[in-house]
Amino acid sequence: MDAAEATQIDWFALAPELAVLATALLVLLVELFLYGQRKRFVNPLAVVGVLVALGLVVALAVDGSDRAAFGEMFVADSYALAFKGLFLSVALFVLLISYRYFAEIRTFQGEYYFLILSAFIGMMLMPSARDFVMLFVALELVSIPGFIMAGLRKFDPRSNEGAMKFLIIGILSASTLLFGLSIVYAFTGTTSLAGTAAALTDVTREPLLLVGTLFVLVGFGFKVSAVPFHFWAPDTYEGAPIPVAAFLSVASKAAGFAGLLQVSFVAFEPLSDAWAPVVAVIAVLTMTLGNVTALAQRNVVRLLAYSSVAHAGYMLVPFALVRPGEAALNSSALSAVLVYLFAYAVMNIGAFAVVTAVARRHPGRHLDDYAGLGQRSPGMAGSLTLFLLSLGGTPPLVGFFAKVAIFAAAVEAGQADQAGGYVLAVAVVVNTVISVSYYLRVAGRMWMSEPTDTAPVQPGYALGFAVGGLAVLTVGLGVLAPLVTHVADQAVIAAGG
Amino acid sequence: MWESAALSVTVFLPLVGAAAIALIPHAKERSAKPVALAVTLATFALSLLILASYYLGPAGGQGRAFIVDVEWIPVIGAGYRVAIDGISMPLFVLTNLLTLLCVVYCFHHIEPPGRPRAFLGLILLLQTGMAGTFVAFDLILFFVFWELVLVPMYFLIGIWGGPHREYAAVKFFLYTMFGSMIMLVGFIALYFGAGAETFSMVELSQAAAGGEYGIVFQRLVFLAIFLGLAIKVPMWPFHTWLPDAHTEAPTVGSVLLAGIMLKMGTYGFVRIAVPMLPEAAVDYAPFLAVLAVIAILYGALCCMAQTDLKRLIAFSSVGHMGFVMLGIAALTTAGVNAAIFGMVAHGLITGMLFFVVGSLKHRYHTSTIADIGGGVLQTTPRIGAILTFVAIASLGLPPLPGFWGEVVALYAAFNPAEAIVDAGLLGLFRVLVVFGAIGTLLTAGYFLTMLQRVTMGTPPRRWVDAGLQDVSPIELGAWTPLLVTTVVVGLVPLLVFGITRPDVSRILTTALTG
């Protein structure tokens, strides 16, 4: 392509990102001129910006044409738009959760909202990236604000420790990823994802190439907190402000998956018979270790942290089913990941939202603080019960259909003579049962124990709205599962799976 | 309109009722009871109407009727498919009857901590799950209803249960969920195994009859589905969750657990496992039969060792469900009919047993046989008489329903399906019949011993002085319909056999002869 074509930019395709970028800068600026209590008004400003961006995403989706910019490094097809819609909705809920929390800490409000919006720009770039360089930039744009946000509670040593661990491991993973990319580039001579796939189809499989591929996957493994690269997650979640923990466990992880999907289902697909078995082992280890460790947790945030590690394991299962050239199988695996991500976002943010509300009264976040919550705040306790049951995969909640999608992908692969598919399905079953036992422990504590404290939890309007909205989505998207599967399907078609 | 809406309205009315009850303000908590009563009465009336129009309508009492088939999740071929046939009908009506009576019973007593709003809301949610399971004709929809019962039952046991309630509730939930999830994997395998890629039970049964599934595939998938169903039934050796759950559950919880929820497992064998995996069913039939007979003997022997009334009845359920499974394992029309009859009989009788024992526990504050100490016929003569009648019904005295279920099951196992005879297993089945018959003797033994220790003899001084109230009008109101139905079904077994026979023979003929 010539230079003129490469610099041709479709501004409409970039509009959602630009809207968020403008909001981020505006938030930073406006906060300087607000004093004391008024600083919290940057939150509604950020919400408006996100809503505008969401509107633009919808407009792009209605428009329906595939758009591109920066010489095809950035595209806005329905795959990317589905993810952007997801990310912006997540952003909306994270902002709702943050409002009261940060207004009460009363520090760094402008910085926080600037950072979180920047991270969301990175996320929105991720599914649009069709080039390794772009992908890397997007990934770092998600990570770097995360390092700072994790340390925002700087009066708490645990926050400092968590942020430091996150930073060091994050940098390690970024360098591993870059190293892997450089090796792969040496073999393919291109940084475009589609070009890499084409170059890898008939390449001699030298060990170095496979090592490079694995390095790239490992780099993403850190991001999605897959075992054995998960060590940062519990400490970081525990130390971070709870809305940031929600952000890390859902949004940042989903962004990691958005990138990983492109890398493994498009770029490295021709080599998948070599790396998929490794991913299978990692998936089983991730879910098992996450769940078994979660069993022993008494701190609710740590429990949710390990649970989110386990969920990363479930979401890795479809990656282990990728096979070169098996378009039908691969696309149902891809669709399973998408469905799971949507469901996971709804129920996990919901759980963190309730934890944020309860933490206002019980900053210790101990399991015992939830004793008798059903009598103190039936709404909060009922919602958290829904979220936990959904995380455990109970029908007809949205988490159930996510599990069905994973099972379907695994069994379909199993029937296509990959016995491993059945093994993975059984691993998911066993892990689901383990996970339900600790979800039920929290639920049981809320409804079956006597309260130690009689005062109701007061979430405030924004948080209350977030919890209620997510509870409705958990049930509604469960019953109307076609909505999610339809979006996922459109996205899969766009991704060319 | 009636044809397409009747089932859905009947199934989801309790769900709407549960939502309505949840909206009742805390201060008016007591009004939850009349609301729940109105909802369950309406549901039961509707199910009677469905029963009547199934007979009088175009269906003429056989085949599927009230069919609804709309797309639900087109991507995975799951639909909202409901219908009712002769196999579902008795269980569907029984579900709505028992739930109604449970709600009536709640006017008499709810275990501490009370909270009738939450309690009745959960009961109604449970009703939707149970009734839906029996009319779902789509595997995913079936599974949704099947799992829907877990959550309310978990909370019923966990909040209103006995001293070890949390342990029992979690054990119940995890055990059942494990089996169910494996079963779900089996369902998905069925989906991909048939060329049609659908979850419709009718189409999958047709595909199976058309020989779509290879034998190895069938054997594997049967094992997966078997595990889910067997835990629910429960079959020996998967029964260990049951004694704990039944013992700890509040009275109404035990009644519904024993009366309906166990049948979901055996119903699954009749509706799913056998018609969709017929060759594997023939292969595994001897194993099912052996496990069933072990359950009969083991249940009876365990009963003899029990010191607690609720636990004793719980183990007696293991034995009774053993007879049901023996009937299914015979794979003949007689056997499956006996199985369904056995389910209904067990639902009526054991539901009633748990009611009486719950009422005893309410009065004596214990269900330990030694603490009650005998003489119930003197302290509370009417309750004692009812207990005696129900226990005798449960041990299978003719002509009460327990007898018909057991004797026909034994008869069927004596002459199992031709495929089983061809495999040279007739001898095995006949030996099993002998052991099953010994089981009926043991059953009579432990029930009579129990009656002797509980109802007869001189009551301990403290119970005589306690001035215990005999059966209350509300209890009588909740029990009379069950007692009358028990007698009527026993005297006229054709009431149930007549409903089930045409569809059972249709399903078996399609499945086994292709």
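The values are calculated or read from the model by the stated rules, or taken from the named source; none is laboratory data. Quick caveat, the model's predicted, so the values are computed rather than measured. Note that we place each Cβ from the backbone using ideal geometry, even for glycine, and neighbour counts take in every protein chain shown. Ligands, DNA and RNA are stripped out before the accessible areas are found, and what is left, the full protein with its side chains, is counted by its heavy atoms. Shrake-Rupley method; radii C 1.70, N 1.55, O 1.52, S 1.80 Å.
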The listed residue being in contact with a helix residue (DSSP H, G or I) (Cβ under 6 Å, 6 or more places away or on another chain) and at pLDDT 95 or above, out of B:Val282, B:Val293, B:Val318, B:Val274
B:Val293
Regarding B:Gly114, is this residue farther than 18 Å from B:Ala45 by Cβ, open to solvent by 10 Å² or more (accessible area, probe 1.4 Å), within 14 Å of chain A (Cβ to nearest Cβ) and not in a helix (DSSP H, G or I)?
yes
Determine which member of the set B:Ser254, B:Ser200, B:Ser205 is closer than 21 Å to A:Glu412 by Cα, among the small types (Gly, Ala, Ser) and either touching a Leu at 6+ places or on another chain (Cβ under 7 Å) or open to solvent by less than 10 Å² (accessible area, probe 1.4 Å) (or both).
B:Ser200
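Please state which one of B:Leu184, B:Leu174 is surrounded by fewer than 22 Cβ atoms within 10 Å (Cβ to Cβ), of a type outside the set (Asp, Glu), in a helix (DSSP H, G or I) and at the interface with chain A (Cβ under 7 Å from one of its Cβ atoms).
B:Leu174
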Look through A:Leu29, A:Leu92 and report the one residue that is modelled with pLDDT of 85 or more, of a type outside the set (Val, Ile, Thr), open to solvent by 60 Å² or more (accessible area, probe 1.4 Å) and in a helix (DSSP H, G or I).
A:Leu29
Selection from segment B:140-164 of residues more than 7 Å from chain A (Cβ to nearest Cβ) and farther than 17 Å from A:Thr394 by Cβ yields B:Trp160, B:Gly161, B:Gly162, B:Pro163, B:His164
Here's a check for you: in segment A:333-370, which residue that is open to solvent by 10 Å² or more (accessible area, probe 1.4 Å), at pLDDT 85 or above and among the small types (Gly, Ala, Ser) is nearest to A:Gly85 (Cα to Cα)?
A:Ser335
With the first residue restricted to segment B:21-44 and required to be in contact (Cβ under 8 Å) with a residue 40 or more places away in the chain, and the second required to be open to solvent by less than 50 Å² (accessible area, probe 1.4 Å) and not in a helix (DSSP H, G or I), Cβ contacts under 6 Å at 6 or more apart or on different chains are B:Ala32/B:Ile24
Looking at segment A:301-311, can you tell me whether even one residue there is open to solvent by less than 10 Å² (accessible area, probe 1.4 Å), of a type in the set (Val, Ile, Thr) and in contact with an Asp or Glu (Cβ under 9 Å, 6 or more places away or on another chain)?
yes
Checked B:Val216, B:Val221 against criteria (within 14 Å of chain A (Cβ to nearest Cβ), in a helix (DSSP H, G or I), surrounded by 19 or more Cβ atoms within 10 Å (Cβ to Cβ) and not small (Gly, Ala, Ser)); the one match is B:Val221
For residues that are assigned to a loop (DSSP other than H, G, I, E, B), of a type in the set (A, V, I, L, M) and open to solvent by 30 Å² or more (accessible area, probe 1.4 Å), tally how many sit in segment B:466-514.
2
Could you list all residues from segment B:195-209 that are in contact with a Gly (Cβ under 9 Å, 6 or more places away or on another chain) and over 11 Å from B:Pro275 (Cα atoms)?
B:Ala196, B:Glu197, B:Thr198, B:Phe199, B:Ser200
So which residues in segment A:445-485 are open to solvent by 30 Å² or more (accessible area, probe 1.4 Å), farther than 29 Å from A:Ser78 by Cβ, part of a loop (DSSP other than H, G, I, E, B) and within 14 Å of chain B (Cβ to nearest Cβ)?
A:Glu450, A:Pro451, A:Pro456
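Residue-by-condition table, conditions (1) within 25 Å of B:Val103 (Cα to Cα); (2) within 21 Å of the chain's Cα centre (by Cα); (3) at pLDDT below 85:
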residue: B:Phe44; (1), (2), (3): yes, yes, no
residue: B:Leu49; (1), (2), (3): yes, no, no
residue: B:Ala52; (1), (2), (3): yes, no, no
residue: B:Gly61; (1), (2), (3): no, no, yes
residue: B:Ile67; (1), (2), (3): no, no, no
residue: B:Pro74; (1), (2), (3): no, no, yes
residue: B:Gly77; (1), (2), (3): no, no, yes
residue: B:Arg81; (1), (2), (3): no, no, no
residue: B:Gly86; (1), (2), (3): no, yes, no
Scan (1) more than 18 Å from B:Val344 (Cβ to Cβ); (2) part of a helix (DSSP H, G or I); (3) not charged (D, E, K, R) for the single condition B:Ala83 breaks and write down its number.
(2)
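Regarding segment B:311-327, can at least one residue be identified that is free of Cβ contacts under 8 Å to residues at least 40 places away in the same chain and either in a helix (DSSP H, G or I) or open to solvent by less than 20 Å² (accessible area, probe 1.4 Å) (or both)?
The answer is no; no qualifying residue exists.
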